[in-house]
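Chemist: Have a look at the structure that comes next, please.
What follows is calculated from the coordinates using simple rules that are stated; it is not laboratory data. Keep in mind the model is a prediction, meaning the values are calculated, not measured. For neighbour counting, all protein chains shown are included, and Cβ atoms are generated from backbone atoms with ideal geometry for every residue, glycine included.
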Amino acid sequence: VPFDQRAWHAGVSLYQGRDRCNDFSIGIELEGTDQLPYTEAQYRTLQAVTVLLAEHYPPLAAHIAGHCDIAPGRKTDPGPAFDWDRYLASLEQRGAPADAMLETRKRERNR
């Protein structure tokens, strides 16, 4: 789906007081389950896609969330097997603005 068109990844959702996340977000899907560890290839690909998106859409870089964050109780992914610290550290290594991402994730986790 082109980035300027709506994709139906989020469904009924809310992020930072805004509902209908499909209207203003870009979704990245990872194949898997909540319980099985994600693969090295998945983390590498996710990192590359995120860095590319952050370069083209800088404001989005500070607003990375899981489905579990925008639709709690209805969506559980990426789940407990996803290593947020590893993912965000990998972005920082690539020069992505991970400081803002890390702060956003810390705030979300501490709710």
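Chemist: For GLU29 and ALA41 in one chain, what is 0.36 nm times their gap in residues minus the Cα-Cα distance, to one decimal in nm?
Modeler: Stretched out fully, the GLU29 to ALA41 stretch lengthens by 2.9 nm.
Chemist: While we're looking at this one, here's another question. Within region 1-54, list the trypsin sites (Lys or Arg not before Pro) lying in a DSSP loop whose Cβ has at most 14 other Cβ atoms in a 10 Å radius.
Modeler: ARG6, ARG20
Chemist: What's the ranking of 34-40, 79-85 by average number of surrounding C-beta atoms within 10 Å, highest first?
Modeler: Most protected by this proxy first, the peptides run 79-85, 34-40.
Chemist: Nearest 0.05, what FRET efficiency do ARG18 and LEU52 give at R0 = 30 Å with Cβ-Cβ as r?
Modeler: Calculated value: 0.80.
Chemist: Using only the Cα atoms of the chain, build the gyration tensor, take square roots of its eigenvalues as a ≥ b ≥ c, and label the shape rounded, prolate or oblate: rounded if a/c is under 1.5, else prolate if a/b is larger than b/c, else oblate.
Modeler: Because its axes are fairly even, with a/c under 1.5, the chain counts as rounded.
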